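Asks: Structure provided below as structure tokens; questions to follow.
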Amino acid sequence: MPRRALDGGVPAPAVPDDLLGDGWERVEDTTETLFGVEGADVRGRTLVYEDTDLRAAVRAATDGAVDQSWRFAFATRLAFRPPLAPGIGPTMVLPSVRSEAVRQFAHDLRARGVVDVERGRRERVRAETGSRRRLRQVTGEVDLEGEESVPVEGWIGVWYDGEITVGGGAYPRVSLADRLGVEAGDHALLGRRPTGYRETLFDLLRAVG
């Protein structure tokens, strides 16, 4: 269903944005109706962060021909309006929320220019609270005009630790310097390997509250 922007009413998720490091910026802070479940609207307060330094580096290396987000991360705190009916706890609706969240994440990737989006494997990570969080992989590619495509990997999870929270993000699965045909020494940010991208995202998903 289409999203409707709303006035406040949902607390922001606790995001330790210092884990993201230099070059990241918070680019969105929105509260929206996301979907419906068990007779209630699911409202979400979402914070979105982007690696703006990497985006600027790609833009500079391609003389402005390629300008888009390459790494982003987000967290959404959910609330139900009206509250869930007696006898229906938050954990009971987690499967429905998880399914809808993965669907919406795939849609958002397509809106960011990712094609051939597919759902991949599942993993579990241990959060800083000690609980385990289930993550789902979503993959795709970004087509570069006149160049090779860039494979992209995203991860999304939904968990309950007193509140239902959705967290996720995406990053390139290869060195951008290799795909763009530039010397990494001239564009240090583009020479980074995806292992570090994944570790940064997973560290954030373990810590989001």
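Asks: On the principal axes of its Cα set, how long, how wide and how thick is the chain? Give whole Å, largest value first.
Replies: Here the spans come out as 61, 36, 31 Å, largest first.
Asks: With viscosity set to 1.306 mPa s at 10 °C, what whole-number translational diffusion coefficient in µm²/s follows for the range 1-95 from Stokes-Einstein and a Kirkwood radius over Cα pairs?
Replies: Working: Rh = 15.5 Å.
Roughly 102 µm²/s, to the nearest whole number.
Asks: While we're looking at this one, here's another question. Let me check I've understood the local charge: for Ala79, count other residues with C-beta under 11 angstrom from its C-beta, Lys and Arg +1, Asp and Glu -1. What total comes out?
Replies: Details: positive: Arg43, Arg45, Arg77, Arg81; negative: Asp41, Glu163.
Within the 11 Å Cβ shell, the charges total +2.
Asks: May I pose another question? Under the Karplus relation 6.51 cos²θ - 1.76 cosθ + 1.60, θ = phi - 60°, what is the ordered set of whole-Hz ³J(HN,Hα) values for the range 12-19, x standing for Gly and Pro?
Replies: Coupling constants for the range 12-19: 6, x, 7, 10, x, 5, 5, 5 Hz.
Asks: In whole Hz and in residue order, list the ³J(HN,Hα) couplings for the range 98-111 that follow from phi through the Karplus curve 6.51 cos²θ - 1.76 cosθ + 1.60, θ = phi - 60°; x for Gly and Pro.
Replies: 4, 4, 5, 5, 5, 4, 5, 4, 4, 4, 5, 4, 4, 5
Asks: HN-Hα J couplings of the range 76-91 from phi, Karplus 6.51/-1.76/1.60, θ = phi - 60°, integer Hz, Gly and Pro as x?
Replies: 10, 8, 9, 9, 10, 10, x, x, 4, 5, x, x, 10, x, x, 5
Asks: Can you give me the distance in nm between label points at Ser96 and Asp22, each placed 7 Å from the Cα along the Cα-to-Cβ direction?
Replies: Between Ser96 and Asp22, the label points sit 4.8 nm apart.
Asks: Over the range 44-131, with every protein chain in place, what whole percent of the accessible area is carbon and sulfur at 1.4 Å, could you tell me? Spell out each step's value before the answer.
Replies: Working: 2150 of 4370 Å².
Reported share for carbon and sulfur atoms: 49 percent.
Asks: Separate question: Residues of the range 1-89: accessible area per residue at 1.4 Å, in Å²? Could the numbers behind the result be given before it?
Replies: Details: 4350 Å² over 89 residues.
Solvent-accessible surface per residue comes out at 49 Å².
Asks: Moving to a separate point now. Roughly what would the spin-label model give for Asp161 and Glu118, points 7 Å off Cα along C-beta, in nm?
Replies: 3.3 nm
Asks: Measure out, as a whole number of angstrom, how far apart the alpha-carbon centroids of the range 25-69 and the range 151-182 sit.
Replies: 12 Å
Asks: Any idea which of His107, Pro90, Ala79 is furthest toward the positive side of the dipole for the chain, if Lys and Arg beta-carbons carry +1 and Asp and Glu beta-carbons -1?
Replies: Positive-end residue among those listed: Pro90.
Asks: If you don't mind, another one. For the chain, set up a Gaussian network in which alpha carbons nearer than 10 Å are linked by springs, and say which option among Gly191, Gly162, Gly44 fluctuates the most.
Replies: In this elastic network of the chain, the residue with the biggest mean-square fluctuation among Gly191, Gly162, Gly44 is Gly162.
Asks: Only Cα pairs under 8 Å and at least 6 apart count here; give the relative contact order of the chain as a rounded whole percent.
Replies: Numbers: 420 pairs, mean separation 41.3, N = 209.
With pairs under 8 Å counted, the relative contact order is 20 percent.
Asks: What is the angle, in °, between the Cα long axis of helix 52-61 and the longest principal axis of the Cα atoms in the chain? Nearest 10 is fine, range 0 to 90.
Replies: Long axis of 52-61 versus the principal axis of the chain: about 30 degrees.
Asks: If you don't mind, there's one more thing I want to ask. Under 5 Å between amide hydrogens, which residues at least 5 positions from Asp41 or on another chain qualify, with H placed 1.01 Å from N in the peptide plane?
Replies: Close amide H contacts, sequence-distant or interchain: Arg81.
Asks: Take every Cα-Cα distance within the range 92-157, group them into 10 Å bins from 0 onward, and report for each bin the whole-number percent of pairs it holds.
Replies: Calculated P(r), rounded to whole percents: 20, 43, 26, 9, 2.
Asks: Take Ala40 and Ala56, extend 7 Å from each Cα along the Cα→Cβ direction, and tell me the distance between the two endpoints in nm.
Replies: 4.3 nm
Asks: Can I ask one more? Can you divide the C-alpha Rg of the range 149-209 by 2.2 N^0.38 Å and report the result to two decimal places? Could you put the intermediate results ahead of the total?
Replies: Working: Rg = 14.8 Å, N = 61, 2.2 N^0.38 = 10.5 Å.
That ratio works out to 1.41.
Asks: To continue, here is another question. For every helix of n ≥ 4 consecutive DSSP H residues, a contribution of -39,500 (n - 2.57) applies; sum these over the chain, divide by its total residues, and give [θ] at 222 nm rounded to the nearest 500 deg cm²/dmol. Walk me through the intermediate numbers first.
Replies: Numbers: 4 runs with 51 residues, N = 209.
Theoretical 222 nm ellipticity from helices: -7500 deg cm²/dmol.
Asks: Just subtract the alpha-carbon distance of Thr33 and Ser131 from 0.36 nm times their residue separation and send over the number in nm, one decimal.
Replies: Working: separation 98, 0.36 × 98 = 35.28 nm, distance 2.76 nm.
Gain on stretching Thr33 to Ser131: 32.5 nm.
The values are calculated or read from the model by the stated rules, or taken from the named source; none is laboratory data. Quick caveat, the model's predicted, so the values are computed rather than measured. No Cβ is skipped: glycine too gets one built from the backbone with ideal geometry, and neighbour counts run over all protein chains shown. Each accessible area value is taken on the protein alone, full model and side chains, heavy atoms only, with ligands, DNA and RNA left out. Shrake-Rupley method; radii C 1.70, N 1.55, O 1.52, S 1.80 Å.
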